[in-house]
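Enquirer: I'd like to ask some things about the structure below.
The values are calculated or read from the model by the stated rules, or taken from the named source; none is laboratory data. Everything numeric in this text was worked out from a predicted model, so none of it was measured. Note that we place each Cβ from the backbone using ideal geometry, even for glycine, and neighbour counts take in every protein chain shown.
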Amino acid sequence: MKIGIYSGSFNPVHVAHLALANYLCEYEGLDEVWFMVSPRNPFKQEYELLDDNFRLELVRLAVAGYSKFKASDFEFHLPRPSYTIHTLEALHRAYPEHAFYFIMGSDNWASFTRWYEWERILSENHILIYPRPGYPVQKDMLPGHARLVSSPVFEISSTFIRQALKEGKDIRYFLHPAVYDRLKEADF
């Protein structure tokens, strides 16, 4: 199977994450997208993150009911900080029967050469790059294993979601209903 690895903080998961993953399954040939909740991103301060298990719970709520989506705590069981190359190596070992496609935004692609062992990530894996506002990608300049997908551009961010929730805004349509209800229940 072709499995998209959508790794991130999902701090919290929102409709743009879900819509992009849905697009990749329905239009780009992925059989499944695994939402790989990262316990700690080396580029983010730990205090900015909601609790690891709470973020995982929210992703599980968001992906329930769509058979092509899976919530994954795979990175929770790897050494920290969590580096993409280590995750991908461990996935290839654990699931040799699958072809993995690492999903990343064009904003991350713009700084990809700063990632730990980025050359290996690129040479040993398929990369699907989705467009992000303000980060154009020259399609004809991409290396062999990297491909720009023509998904819709979403301008929703988890930072926006967290700020709106702190301000008491009713942003129910930016979140999966179960995620919104859980965040309200948690008195976010």
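Enquirer: Name the single residue, out of those in region 66-119 being in a helix (DSSP H, G or I) and of a type in the set (D, E, K, R), that is nearest to N53 (Cα to Cα).
Expert: Taking region 66-119 as the starting set, the residues that turn out to be in a helix (DSSP H, G or I) are 74-77, 84-94, 106-110, 112-114, 118-119.
This time we only want the ones that are of a type in the set (D, E, K, R), so: 75, 89, 93, 107, 114, 119.
Working: E75: 12, E89: 23, R93: 25, D107: 26, R114: 28, E119: 31 Å.
Among them, the one singled out is E75.
Enquirer: Does region 81-103 hold any residues that are in contact with a Phe, Trp or Tyr (Cβ under 8 Å, 6 or more places away or on another chain) and within 17 Å of P39 (Cα to Cα), and which are they?
Expert: Answer for region 81-103, where residues must be in contact with a Phe, Trp or Tyr (Cβ under 8 Å, 6 or more places away or on another chain) and within 17 Å of P39 (Cα to Cα): Y83, T84, I85, T87, L88, A90, L91.
Enquirer: For L128, state whether it is surrounded by 12 or more Cβ atoms within 10 Å (Cβ to Cβ), at pLDDT 95 or above, out of contact with any Ser or Thr (no Cβ under 8 Å at 6 or more places or on another chain) and in a strand (DSSP E or B). Spell out the reasoning first.
Expert: Numbers: surrounded by 12 or more Cβ atoms within 10 Å (Cβ to Cβ): yes; at pLDDT 95 or above: yes; out of contact with any Ser or Thr (no Cβ under 8 Å at 6 or more places or on another chain): yes; in a strand (DSSP E or B): yes.
When the stated conditions are applied, L128 passes them.
Enquirer: Here's something else I'd like to know. Looking only at region 101-108, decide whether some residue is touching an Asp or Glu at 6+ places or on another chain (Cβ under 9 Å) and at pLDDT 95 or above. Can you show your working first?
Expert: Initially, region 101-108 is screened for residues touching an Asp or Glu at 6+ places or on another chain (Cβ under 9 Å), giving 101.
Going one step further and asking which of them are at pLDDT 95 or above, we end up with 101.
For region 101-108, residues touching an Asp or Glu at 6+ places or on another chain (Cβ under 9 Å) and at pLDDT 95 or above: present.
Enquirer: Another question, then. Taking only region 91-134 into account, find how many residues are touching a residue at least 40 places away in the same chain (Cβ under 8 Å) and not aliphatic (A, V, I, L, M).
Expert: Residues that pass the stated criteria total 9.
Enquirer: Can you pull out the residues in region 5-27 that are out of contact with any strand residue (DSSP E or B) (no Cβ under 9 Å at 6 or more places or on another chain) and surrounded by fewer than 23 Cβ atoms within 10 Å (Cβ to Cβ)? If you could, list the steps in order and put the result at the bottom.
Expert: Of the residues in region 5-27, the ones out of contact with any strand residue (DSSP E or B) (no Cβ under 9 Å at 6 or more places or on another chain) are 11-12, 14-16, 19, 26-27.
Correct list: N11, V15, A16, A19, E26, Y27.
Enquirer: Can you name the condition, by its number, that L165 falls short on among (1) hydrophobic (A, V, I, L, M, F, W, C); (2) surrounded by 15 or more Cβ atoms within 10 Å (Cβ to Cβ); (3) under 27 Å from L88 (Cα atoms)?
Expert: (3) is the only condition that L165 fails.
Enquirer: Yes or no: D181 surrounded by fewer than 17 Cβ atoms within 10 Å (Cβ to Cβ), in a helix (DSSP H, G or I) and at pLDDT 95 or above?
Expert: Values: surrounded by fewer than 17 Cβ atoms within 10 Å (Cβ to Cβ): yes; in a helix (DSSP H, G or I): yes; at pLDDT 95 or above: yes.
Yes, satisfied.
Enquirer: Inspect all residues belonging to region 63-70 and state whether any of them is in contact with a His (Cβ under 7 Å, 6 or more places away or on another chain) and closer than 16 Å to S9 by Cα. Give the derivation first.
Expert: Looking only at region 63-70, we keep the residues that are in contact with a His (Cβ under 7 Å, 6 or more places away or on another chain), and these are none.
The answer is no; no qualifying residue exists.
Enquirer: Moving on to the next point. Quick one: would you say Y135 is aromatic (F, W, Y) and out of contact with any Lys or Arg (no Cβ under 7 Å at 6 or more places or on another chain)?
Expert: Numbers: aromatic (F, W, Y): yes; out of contact with any Lys or Arg (no Cβ under 7 Å at 6 or more places or on another chain): yes.
Here the answer is yes, as Y135 does meet what is asked.
One line per residue, one yes/no per condition, for (1) surrounded by 19 or more Cβ atoms within 10 Å (Cβ to Cβ); (2) on the phi > 0 side of the Ramachandran plot; (3) not aliphatic (A, V, I, L, M):
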site	(1), (2), (3)
V33	yes, no, no
G65	no, yes, yes
D73	no, no, yes
F76	no, no, yes
R80	no, no, yes
A90	no, no, no
A110	no, no, no
